[in-house]
Amino acid sequence: MDWGTLAGTALGAILGVSTTLLAERSRWHRENSARERAVKQQLYAEYLGALSLTTHRLRDLKRDAGLTREDRMKQAGEILGSTNAYHLRYQMLIIAPQGLGDDADQAFMRIRDLRDRFDGADIANDPEWPSAMSAVREALDSLRRAMRSDLTSD
């Protein structure tokens with residue numbers, strides 16, 4: 001038996017298996033990154049949608065002149081809960097990178113501050129409403145920029 005032939009065959013088999021394993025690992029990594037990006041993209045869109053819907057509904061509630069203060073307070077609390085923002089917030093805090101999670105939490109807190117404005121005596125004439133809305137817009141803009149950056153950094 002020729003040892004050279006046997007060594008060449010063994011080396012060829014080792015190289016072939018190694019190359020196949022490396023190619024499979026690379027393909028798995030690409031597919032895993034694509035799945036992770038898709039999950040993030042879906043979550044980010046849902047979270048922004050929930051926050052925007054909450055803001056829109058609170059703004060509409062402020063304009064509704066036919067409600068009592070107690071009714072507005074009750075509806076304001078229900079609005080934040082009904083848009084799934086709480087649930088999505090916790091998903092964001094788990095999945096998103098730390099800085100983006102902080103931005104997500106900050107945007108949520110600004111909207112919660114907006115909701116809390118309904119606890120005041122007369123929301124229809126609240127002099128702080130414009131600044132609260134401005135804080136919400138700034139927080140949402142910052143969150144959108146952070147989300148875009150995270151999705152394009154991969």
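The values are calculated or read from the model by the stated rules, or taken from the named source; none is laboratory data. Source: prediction; values computed, not measured. Ideal geometry is used to build each Cβ from the backbone, glycine not excepted, and the neighbour counts take in all protein chains shown. The protein model used for the area step is the full one, side chains on, heavy atoms only, and it has no ligands, DNA or RNA in it. Shrake-Rupley method; radii C 1.70, N 1.55, O 1.52, S 1.80 Å.
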Problem set entry | Listed peptides 27-33, 61-67, 139-145 by packing density, highest first (mean Cβ within 10 Å) | 139-145, 61-67, 27-33
Exercise. Quick one: helix 129-152 against the long Cα principal axis of the chain, what's the angle to the nearest 10°, folded into 0 to 90?
Worked result: 10 degrees
For this session: Report, largest value first, the span of the C-alpha coordinates of segment 98-154 along each principal axis, in whole Å.
Result: 48, 16, 10
Exercise. Just from the alpha-carbon atoms, what are the Rg and Dmax of the chain in angstroms?
Worked result: 26.2, 99
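Can you give me the accessible area per residue for segment 27-119, using a 1.4 Å probe, in Å²? The partial results should precede the final answer.
Values: 5270 Å² over 93 residues.
With all protein chains present, segment 27-119 gives 57 Å² per residue.
Sort D102, D150 by heavy-atom solvent-accessible area, probe 1.4 angstrom, most to least.
On the way: D102 80, D150 20 Å².
Highest to lowest solvent-accessible surface, that is D102, D150.
Of the accessible area of the chain, with the probe set at 1.4 angstrom, what percent is carbon plus sulfur?
Details: 5340 of 9620 Å².
Percent of accessible area from carbon and sulfur atoms in the chain: 56.
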Seminar exercise, completed: If one builds a Gaussian network model of the chain from Cα atoms under 10 Å apart, the most fluctuating residue listed among A135, A85, A38 is A38
For this session: Take the Cβ-Cβ distance between A34 and Y86 as r, set R0 to 30 Å, and report the resulting FRET efficiency rounded to the nearest 0.05.
Result: 0.55
Seminar exercise, completed: Whole-Hz Karplus couplings 3J(HN,Hα) for segment 62-75, θ = phi - 60° and coefficients 6.51, -1.76, 1.60, Gly and Pro as x, run 4, 6, 6, 7, x, 10, 7, 4, 5, 5, 5, 4, 5, 5
Problem set entry | Farthest toward positive dipole pole in the chain [+1 Lys/Arg, -1 Asp/Glu at C-beta], among L140, A13, Q91 | A13
